[in-house]
Amino acid sequence: MHAKGLSAKTKRKMKKLAFYIALISLPILQFLIFYVYVNINSFVLAFQEYDVFTNTAKFAGWNNFIKIYKDLVETGKFAVMLKNSLIVWVWTTLLGIVGAIFFSYYIYKKSPFSNLFRTILYMPHIVSSVVLIVMFKYFVEWAVPSLVETLTGKLIEGLYSNPDTQFVTVVFYCLWMGFGTQVLMYVSAMGGIDASISEAAKIDGITYLKEFWYITVPLVFPTLTTFILTGIGSIFTNQAGLYSFGGKNVPGSMHTFGYYMYVELQKNSANQTAWPMLSALGLLFTFVATPLTFLARWLLGKYGPSVE
Amino acid sequence: MNKKKRMNITEIILLTILTIYTISIVYLVFWGLLTSFKTQDDFLIQQNMFGLPEKWAWENYEAVFNRLYVQVVRDGVRYKITVGWQILYTLLYAGVGSLLAAFAPFLVAYACARFHFRFNAFLETLVYIVMIIPEIGTTTPMLALLYDLNLYDSILGAFCMKFSFVGIYFLIYRGILGGVSQSFSEAATIDGANELEIMVRINFPLVLNVFSTVVLIRFIGFWNDYQTPLLYMPTYPTLAYGIFNLTQMTTGDLNITPRKIAGCMILVVPITILFIMFKDCQHRRN
């Protein structure tokens, strides 16, 4: 009787285990192939070169990294991309966060029109980036010069076609449209703050700004940290919308790492000889971004505001 | 007694900036909509940049619908992929892709919440680690992998990429399912329901609202995404891919600003309607 009961229990457990395995096996298999294998292959590819004549790949040592040095560093392209990528990052991630957190606080406090603002800020999520960029591009290209001419009588070039204002225009666009995404995230995080904390502070006579600084920011700091940490990797991946602005024909002086990587891969999607160098470049960026991310995480944890 | 709260100076400054900001976004879309109905003559020659169209040029939309195509070469044969086909590919790519992208994290989160195996801890830690480590140079090896698996330039390849459980949605599902009482499931077990029935009939409806939100968010993302199809399935152009091609045109009768913007509107309108309908539906359900 006892043995029979135990056997039924084991049978039930086995059934549960079988169902558990059935649930997770496909997602795990996908993860192993499309994440683990891809990341390992990224490392392998970086140290290979492809022979078109024999149609085989062979070990290339540090050749791809030397090629990166010769093609990108020595020619000055790397410095330009680094400068541009950092400018985009500072404006969109760092300065964007400051503005977005203030806007979020305004919406969170249910100040006038906050619901309307919230709805409109969702717009960049729904509308494709290529659509917004195209409208923005034609607006600064045709409408702004026309407006300037009407107001001042001065003829100016389109802001995107003028080399002097081209990059500033792109950075402005990134900052302008980037706000929306961040604001929605922070508003959700602020919505999770216990209302009693804010009520208690109000009874103690806390001001609008002090509540923001001493209560709201520390309580949403984990969300802020996540955004900053994911933002570090974006130094190397952010295309700054350049592909939507100009396709493959964006001038070299405006390239960011993200744009360069995407365009090169797009151009060489059927040319396997170009893949190892691109893989090496990606690997290089990962090796810079990973310790930077962990360092930033440690710094934010140590010096960031405390909930206490 | 005046119950109205007086605004402080910080609020006034923020209100001003937010007002300017939101007006600028709405105005840009409105300007785009007006421009899409102008003729090239009205827009560029007459310099009617801000006014209403002199004549509402519906033919801009007609031209994009009837004459926009993406030329692709599949197995050595040239094809002209028209807007109709682009919409079909989009519905397939975004529709199935969003379901897969929402379903994979649900499956693993459900497994972790329903069953208490040691492997759960490993899976949960794995998700956190993968989310922290920046993924930068994986597009090249992904392309190589798709070639190796014979999945390059196929929608199936894109589906396989989307079926990933790692990410924020796993954590969201895990949080919700972790809070669901097991008593419903236990009662169903006593009534003779098997694990699949418990998952589909009892637990899935509890997360249906969140699931549908995730599907919508992913659907919007895939609907608007032109870079993934361009890179991984170039001969199956989606509508976003077609519109991107249109915006980069330098020749032909579609190469005029109002028509390019009209193309953009064709991409925007369906997704905006879907979003409004979904919000309305959710609002009614709540």
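FYI, it's all coordinate maths here, none of it is from the lab. Treat the numbers as computed from the prediction; the structure is a model and nothing was measured. Cβ sites come from the backbone with ideal geometry, for glycine too, and all protein chains shown count toward neighbours.
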*Of the residues that make up the stretch A:261-279, is at least one more than 9 Å from every other protein chain (Cβ to nearest Cβ), farther than 30 Å from A:Asn162 by Cβ and aromatic (Phe, Trp, Tyr)?*
no
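Yes/no matrix, rows are residues, columns are (1) in contact (Cβ under 8 Å) with a residue 12 or more places away in the chain; (2) of a type in the set (Val, Ile, Thr); (3) out of contact with any Lys or Arg (no Cβ under 6 Å at 6 or more places or on another chain); (4) surrounded by fewer than 18 Cβ atoms within 10 Å (Cβ to Cβ):
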{"site": "A:Ile97", "(1), (2), (3), (4)": "yes, yes, yes, no"}
{"site": "A:Pro112", "(1), (2), (3), (4)": "no, no, yes, yes"}
{"site": "A:Phe117", "(1), (2), (3), (4)": "yes, no, yes, no"}
{"site": "A:Leu132", "(1), (2), (3), (4)": "yes, no, yes, no"}
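Is there a residue in the stretch B:191-214 that is of a type in the set (Lys, Arg) and either farther than 29 Å from A:Thr225 by Cβ or at the interface with chain A (Cβ under 8 Å from one of its Cβ atoms) (or both)? Write out each step before concluding.
Kept after step one, since they are of a type in the set (Lys, Arg), are these residues of the stretch B:191-214: B:201.
Now narrow it down to the ones that are either farther than 29 Å from A:Thr225 by Cβ or at the interface with chain A (Cβ under 8 Å from one of its Cβ atoms) (or both): B:201.
Checking the stretch B:191-214: at least one residue is of a type in the set (Lys, Arg) and either farther than 29 Å from A:Thr225 by Cβ or at the interface with chain A (Cβ under 8 Å from one of its Cβ atoms) (or both).
Say whether the condition of being more than 8 Å from every other protein chain (Cβ to nearest Cβ) and closer than 24 Å to B:Leu15 by Cβ is met by at least one residue in the stretch A:160-172.
Our first condition is that a residue be more than 8 Å from every other protein chain (Cβ to nearest Cβ); within the stretch A:160-172, this holds for A:160-172.
Adding the requirement that they be closer than 24 Å to B:Leu15 by Cβ leaves A:172.
Within the stretch A:160-172, one or more residues are more than 8 Å from every other protein chain (Cβ to nearest Cβ) and closer than 24 Å to B:Leu15 by Cβ.
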*asked:* Pull out all pairs, ordered by first then second residue, where Cβ-Cβ is under 7 Å, the residues are six or more apart or on different chains, the first lies in the stretch A:35-50 and is surrounded by fewer than 17 Cβ atoms within 10 Å (Cβ to Cβ), and the second is in a helix (DSSP H, G or I).
replied: A:Tyr37/B:Leu145; A:Phe43/A:Leu283
*Out of the residues in the stretch B:148-175 that are in a helix (DSSP H, G or I) and closer than 19 Å to B:Tyr93 by Cα, state the one that is farthest from the other protein chains (Cβ to nearest Cβ).*
B:Ile155
*Which fully enclosed helices (runs of 4 or more DSSP H) of the stretch A:61-133 have 3 or more residues being in contact with a Phe, Trp or Tyr (Cβ under 8 Å, 6 or more places away or on another chain)?*
A:77-89, A:96-108, A:114-121
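When you check A:Phe294 against the structure, is it aromatic (Phe, Trp, Tyr), surrounded by fewer than 19 Cβ atoms within 10 Å (Cβ to Cβ) and facing chain B (nearest Cβ under 9 Å), yes or no? Don't jump to the end; show me each part of the working.
Working: aromatic (Phe, Trp, Tyr): yes; surrounded by fewer than 19 Cβ atoms within 10 Å (Cβ to Cβ): yes; facing chain B (nearest Cβ under 9 Å): yes.
So A:Phe294 fits the description; yes.
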*Which one is nearest to B:Asn8 (Cα to Cα), of the residues in the stretch A:186-207 that are surrounded by 18 or more Cβ atoms within 10 Å (Cβ to Cβ) and within 13 Å of chain B (Cβ to nearest Cβ)?*
A:Val187
*What number goes with the only condition from (1) of a type in the set (A, V, I, L, M); (2) more than 9 Å from every other protein chain (Cβ to nearest Cβ); (3) touching a residue at least 24 places away in the same chain (Cβ under 8 Å) that A:Val250 does not pass?*
(3)
*Condition met for B:Met199 (of a type in the set (A, V, I, L, M), without any contact (Cβ under 8 Å) to a residue 60 or more places away in the chain and surrounded by 15 or more Cβ atoms within 10 Å (Cβ to Cβ))*: no
*Being more than 25 Å from the chain's Cα centre (by Cα) and either crowded, with 19+ Cβ neighbours inside 10 Å or free of Cβ contacts under 8 Å to residues at least 12 places away in the same chain (or both) narrows it down to one of B:Glu54, B:Glu11, so name that one.*
B:Glu11
*Of the residues that make up the stretch B:110-128, is at least one surrounded by 15 or more Cβ atoms within 10 Å (Cβ to Cβ), within 13 Å of chain A (Cβ to nearest Cβ) and touching a Gly at 6+ places or on another chain (Cβ under 6 Å)?*
yes
*What single numbered condition from (1) more than 7 Å from chain A (Cβ to nearest Cβ); (2) assigned to a helix (DSSP H, G or I) fails to hold for B:Ser181?*
(2)
*Would you point out which residue out of B:Leu33, B:Leu52 is out of contact with any Pro (no Cβ under 8 Å at 6 or more places or on another chain) and under 28 Å from A:Gly180 (Cα atoms)?*
B:Leu33
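Say whether the condition of being over 19 Å from the mean Cα position of the chain (by Cα) and surrounded by fewer than 18 Cβ atoms within 10 Å (Cβ to Cβ) is met by at least one residue in the stretch B:161-174.
So the first thing to find is which residues in the stretch B:161-174 are over 19 Å from the mean Cα position of the chain (by Cα), and the list is B:171, B:173-174.
If we keep only those that are surrounded by fewer than 18 Cβ atoms within 10 Å (Cβ to Cβ) as well, we get B:171.
Yes: one or more hits.
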*So which of B:Thr19, B:Thr82 ends up being under 31 Å from the mean Cα position of the chain (by Cα), surrounded by fewer than 18 Cβ atoms within 10 Å (Cβ to Cβ), closer than 15 Å to B:Leu267 by Cα and of a type in the set (Val, Ile, Thr)?*
B:Thr82
*State whether one or more residues within the stretch B:250-258 are of a type in the set (Asp, Glu), closer than 24 Å to A:Lys137 by Cα, more than 10 Å from every other protein chain (Cβ to nearest Cβ) and out of contact with any Asp or Glu (no Cβ under 7 Å at 6 or more places or on another chain).*
yes
